[in-house]
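Here the structure is laid out as structure tokens; the discussion comes afterwards.
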Amino acid sequence: MNRKIAVFCGAHSGSEQIFSDHAREVGKLIALNRAELVFGGGNRGLMGIVSDAAIDNNGKVTGIALAKLDQFEQTNPRITTEIITKTFFERKEKFLEISDAFIVLAGGMGSLDELLDVQVNNQVGMIAKPLIILNTLNYYDHFLAWMDNAVKYKFLSNINRDQIIITSSPEEAVDMALNLAAPSQDDWMTRLKI
């Protein structure tokens, strides 16, 4: 399968071993399913773990690195392809352009920014690509509660809220990234309830 799956995740490993375990499992499953991993390029934290797991299982890996962060994130030297970008905007644009689906693991502000960028582009019909949150240890529960509040107060439609798929299983996350079709780009105004 030639599907390219982007994984957004932290340049840190987090406080609990399960974050690393889930990153490792996602990278491995992407490679075993003959998909290509697209990630932030870093060799630290969950980024390093997910990319190493894909590489260790003979996977193809593309890193989209930000030149300014290279000293901190230290691009994984084992990856197949490296794309260097000058700005966060350029980096996110490249992710949107080359990826077929997105999985979000635990991470910091950068991961949340990338998650929202994908969803906003899905929401307004710029792209139509599956977005899956791997909600390890209920990490994203507060974000999901915020989205529920946005629906309650009519700032977000239920349809757009439900576009983000939530799972706590690495296997389900990768399976959905491989097999789900996103909503049509043509009905975005209906989804927004405009």
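Here the helices (runs of 4 or more DSSP H) wholly within region 109-189 that include at least 1 residues being over 17 Å from the mean Cα position of the chain (by Cα), of a type outside the set (S, T, N, Q) and over 24 Å from Phe39 (Cα atoms) are 141-152, 158-163. Among the residues of region 1-19, the ones that are over 13 Å from the mean Cα position of the chain (by Cα) and surrounded by 19 or more Cβ atoms within 10 Å (Cβ to Cβ) come to 3 in all. Please verify whether Asn76 is closer than 20 Å to Leu29 by Cβ, open to solvent by less than 30 Å² (accessible area, probe 1.4 Å) and of a type in the set (S, T, N, Q), treating the condition exactly as stated. The answer is yes for Asn76. Of the residues making up region 161-194, those that are at pLDDT 90 or above and either β-branched (Val, Ile, Thr) or closer than 15 Å to Leu116 by Cα (or both) are Arg161, Asp162, Gln163, Ile164, Ile165, Ile166, Thr167, Val174. Out of the residues in region 121-145 meeting the condition of being modelled with pLDDT under 95 and surrounded by fewer than 16 Cβ atoms within 10 Å (Cβ to Cβ), tell me which one is farthest from Asn179 (Cα to Cα). In this case the residue turns out to be Val124. Scanning region 45-71 for residues that are open to solvent by 80 Å² or more (accessible area, probe 1.4 Å) and within 24 Å of His22 (Cα to Cα) yields Asp56, Asn58, Lys60. Listed by first and then second residue, the pairs with beta-carbon distance under 9 Å, at least 6 apart or on different chains, first residue in region 49-65 and within 14 Å of Ser13 (Cα to Cα), second in a loop (DSSP other than H, G, I, E, B) and basic (Lys, Arg), are Ser51/Arg78; Asp52/Arg78.
Does Gly27 qualify as being without any contact (Cβ under 8 Å) to a residue 60 or more places away in the chain and of a type outside the set (Lys, Arg)? So Gly27 passes the test.
The values are calculated or read from the model by the stated rules, or taken from the named source; none is laboratory data. No experiment lies behind these values; they were computed from the predicted model shown. Using ideal geometry, Cβ is built from the backbone for each residue, glycine included, and neighbour counts are taken over all protein chains shown. The accessibility values were calculated without ligands, DNA or RNA, using every heavy atom of the protein model including side chains. Shrake-Rupley method; radii C 1.70, N 1.55, O 1.52, S 1.80 Å.
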